[in-house]
Amino acid sequence: MCLHLPLVLLLLFCCLITSLPLLFSCPPGCCCPRPGVLILCESLGLHVLPRSVPLTTSALSVARNHLCNIDNVLRRYSSLQELSLGHNRLERFPRGLPASLESLQLQENRITFITAGDLRNLRNLTRLDLEDNRIRAIQPGALLSLMRLRMLSLKGNQLSSLPSHLPGSLMHLDVSANCISTLDLPSLAVLVNLQVLKINSNCLRSVPEHAFDGLTRLHSLELANNLWVCECNIMYLYRWLLMDRLRMATDLVCTAPLHLAHKLLLTLSVVAICPKILMPSEKLVSFNTSKVMLGNSSKESPNPTSDTNRNVRTSCRTSLVNLNAKLPSSVNHTVSRSHQESNQSSLDGLSYEQCLLLNATYLVPQTTQTPHIPTPGEDPGCRNNTNSIQKGFLSTSVPIFFTSEAGVQVEATPRTLTQTSDPALVSLLSVLCVLTGLLLVIVILVLRSLLWRIQSVAPLQSTVSSQRNS
């Protein structure tokens, strides 16, 4: 029994050692700067998710493939924090995603609707990118469960209004390049933490009173390329921008009335925008008389701009195309770099072009992979991660920077991709340490027993030889 126990422990240790390559293997054709933690399977023409993706993966990118449906495929990846599914063929929001997700990128797919059930279990989500889809409607309250959401991008969709019941934790909201014609005051009132708001390239004609009064932390606002009507209804926005907010939106161009078309809003005077404010011939009337007149006018004549607002959604994109061809070039806005870096996900820019830098950063030995023929423009260093490590390059002292698509320089640091933060890895390493200690003890005991036997046999042989000589 005592002899069998060391053999059993030794067998268990060998099984664990042989299973380590399976736990941290890299799927064929993928790029793995950190096997078992960071997996990049981009531009491989995949129709299904690779089966050999380790369950310990923290960040996974399967962007630029042909995925159509991944419902419930990733449910068992309980350690997954960042997922990139951009540039695929998903026609609806994926279901069955792990609740551990913090960053989800779904840009350039074919999603048309967002329901409350799609986001119900993603309460840890801090970043959601739905840019350049076909979203026409978001169910009211669908985003309300995302109480930790800080960055939401709905750029380049088909929304006609702001989503209702947005989470108050939002700090960055991008709804540019949609067909939004009006701003909903209740939707904006809850965004008390909002710092960056982008509503450019929409169909806004004016801004309602007190629309931005509750956004006390707002430091970047983009409103260019809208259908601004420079009349009395735009006076709130005009005064709001003049109150030390010129750096936010200085390039608002009028499209109407005709005599103010193509002119910058902030270069106009109050009289030019709303002449009746300072007309000397206009006499004041009493409160009662004005009240009766307003009541009669509201019953007899409809709003003169109601017909225009009713048709503006259908002609939005055509008007914007014609307007951009006539208007002068807009002034560039500089958004705070520190804020963009705080929202930067570790999967941003981590394509095959950056894989070489990441491999040199982490200096992790790679497993043997199946040879993969790179696509045109793909970095050949991604085929074999071990060959791309430069000698003498110390990643612990020199940070790596790369430029994202937005032109912002981002530092590639292992923010959430540390192996020590994974409970499964910590427990596995602790078990290996214990088994290694037991194996050493067993080896010492075996060597000691062998030495004891040799010492006990040697005197016996010396006594036998002395008896024969006598």
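The values are calculated or read from the model by the stated rules, or taken from the named source; none is laboratory data. Everything quoted here is computed from the prediction, not taken from an experiment. With ideal geometry, Cβ positions are generated from the backbone for all residues, glycine too; neighbour counts draw on all protein chains shown. Quick note on the areas: whole protein, heavy atoms, side chains included, nothing else; ligands and nucleic acids left out. Shrake-Rupley method; radii C 1.70, N 1.55, O 1.52, S 1.80 Å.
What the table below lists for this structure:
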read-out: In Å², nearest 10: area of ASP184 left accessible to a 1.4 Å probe; value: 60
read-out: Hypothetical label at ARG89: residues of the stretch 44-61 whose amide nitrogen lies under 18 Å (7 Å Cα-Cβ projection); value: 44-50
read-out: Nearest-10 value in Å² for the accessible area of GLU209, using the 1.4 Å probe; value: 100
read-out: Accessible surface ranking that places the most exposed of VAL443, VAL37 first, with a 1.4 angstrom probe; value: VAL443, VAL37
read-out: Dipole magnitude (debye, nearest 20) for the stretch 126-240, charges at Cβ of Lys, Arg, Asp, Glu; value: 240
read-out: Probe 1.4 Å, accessible area per residue of the stretch 53-189, Å²; value: 37
read-out: Area of ASP132 that stays accessible when all protein chains are in place (1.4 Å probe, Å², to 10); value: 60
read-out: Prolate/oblate/rounded label for the stretch 147-206 (Cα gyration tensor, a/c 1.5); value: prolate
read-out: Exposure ranking of THR216, THR56 by accessible area [1.4 Å probe, largest first]; value: THR216, THR56
read-out: Size of charge dipole - the stretch 79-180 - debye, nearest 20, with Cβ of Lys, Arg +1 and Asp, Glu -1, no other charges; value: 260
read-out: Dipole of the stretch 173-263, positive direction: furthest Cα of LEU191, ALA249, ALA177, with charges on the beta-carbon; value: ALA249
read-out: Heavy-atom SASA rank of LYS276, LYS155 (probe 1.4 Å, accessible area, largest first); value: LYS276, LYS155
